[in-house]
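The values are calculated or read from the model by the stated rules, or taken from the named source; none is laboratory data. What you see is a predicted model, and the numbers here were worked out from it, not measured in a lab. A quick note on method: Cβ atoms are made from the backbone with ideal geometry, for glycine too, and the neighbour counts reach across all protein chains shown. Remember, those area values only see protein heavy atoms, side chains included, never the ligands or the DNA or RNA. Shrake-Rupley method; radii C 1.70, N 1.55, O 1.52, S 1.80 Å.
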Amino acid sequence: MPETEVYSVSSKESRPVVRKFLARPQPEGFGATVRRSIGRFELKYFDPFLALDEFSVSAPAGFPDHPHRGFETVTYMLQGAVTHEDFEGNKGNIEAGDLQWMTAGRGIVHSEMPAPHGTQKGLQLWINLSSKYKMIEPRYQEIGSKNVAETAKDGIKVRVIAGEALGIRSPIYTRTPTMYLDFTLKPGAQIRQPIPVSWNAFVYILEGEGIFGNTQSSPVTAHHLLLLGSSGYGLEAWNKSSKSLRFILVGGEPLGEPVVQFGPFVMNSQEEIDRTIEDYENCTNGFEKAKHWKSESTVFMGYY
């Protein structure tokens, strides 16, 4: 991704909050619950972001075998663990603090099933791919929690999932230029984080309450999504409460391309969607291995 542009914060205003949504719980998968903030009826698409889910799932619920094509999924675990399997034979656990950046490209069929005990929580972000990358070979980038770039300064802790903050950079390669930052602010702390010019950006609050964009703004609490305006150097946020504030800041370069979505398939035209459905149903053109594959987790839990 391109270098983050740094501005003189004394001469530039921060980006304002232009829209706010409360992500309410809704059912998803088989017995799971998600709080969807992007991808809902009020905000179907925020270029290049297709969906953001804060999920909560306990066995035997989960997300059994399902396909993807044309975009990337970013799974970031907050609590517990899920087991990931795909039809290429890849399998592993994504545990608290771990990151999986999956480029579905031309086709993946996989499952995401929870650890057997307790409630598993995390975030999943869907990032669109440009037309030139939609049919590339699938790829994984996985980083364990202890290897996620992290630093702390002046009451601010940041985990850099993608992009750069407070002088540290993530090793994740983003085909669609993206920043993904997990901030925790102690009481009294404030942050000024640059966002590249022309990028779309949003905040999603995980814990506590904070003030964003303007010191006169009202505090915003957990499970709210804040869309940031396009003008200004970046994000400014304050924790004026007595408890810690945790939120993610996500930004991306808009693709400016047509988007046609049919569930887990995201292409540029209806013709491409129709062809994708045929490919999946016929197990061709990237879905060949789906014909005889079932994940171990979903078979064990009785979905087949």
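The table for this structure:
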{"read-out": "Relative packing of 13-22, 137-146, 187-196, 244-253, which averages over residues the other C-beta atoms within 10 Å, highest first", "value": "244-253, 187-196, 13-22, 137-146"}
{"read-out": "Estimated dipole of the chain in Debye, rounded to 20 [Cβ of Lys and Arg +1, of Asp and Glu -1, Cα centre]", "value": "940"}
{"read-out": "Rounded if a/c under 1.5, otherwise prolate or oblate - region 51-98, Cα gyration tensor axes", "value": "rounded"}
{"read-out": "Debye-sum result for region 194-254 in log10 I(q)/I(0), which assumes one identical scatterer on each alpha carbon, at q = 0.18, 0.27 Å⁻¹", "value": "-0.60, -1.17"}
{"read-out": "Region 173-261 - percent of accessible surface contributed by carbon and sulfur, probe 1.4 Å", "value": "45"}
{"read-out": "Exceeding the 19 Å Cα-Cα cut-off - candidates Lys157/Lys240; Lys121/Lys240; Lys20/Lys157; Lys44/Lys132", "value": "Lys121/Lys240; Lys20/Lys157; Lys44/Lys132"}
{"read-out": "Over the chain, relative contact order from alpha-carbon pairs under 8 Å, at least 6 apart, %", "value": "21"}
{"read-out": "Cα→Cβ-extended label distance, 7 Å offset, between Gln190 and Lys20, nm", "value": "1.8"}
{"read-out": "Range of Cα positions in the chain per principal axis (Å), largest first", "value": "59, 42, 34"}
{"read-out": "Formal net charge of residues neighbouring Ser241 (Cβ-Cβ distance under 13 Å; K, R +1; D, E -1)", "value": "+2"}
{"read-out": "Normalised contact order of region 216-304, rounded percent, pairs of Cα under 8 Å and 6 or more residues apart", "value": "9"}
{"read-out": "Between 0 and 90°, nearest 10: helix 270-282 axis offset from the chain longest Cα axis", "value": "50"}
{"read-out": "Karplus-derived 3J(HN,Hα), 6.51/-1.76/1.60, for each residue of region 157-172, Hz, glycine and proline x", "value": "10, 10, 10, 9, 6, 8, x, 8, 7, 6, x, 10, 10, 7, x, 5"}
{"read-out": "Mean Cα-pair separation over length for region 70-202, i.e. relative contact order, pairs under 8 Å, 6 or more apart, %", "value": "22"}
{"read-out": "Per residue value of the accessible surface for region 1-155 (all protein chains in place, 1.4 Å probe), Å²", "value": "44"}
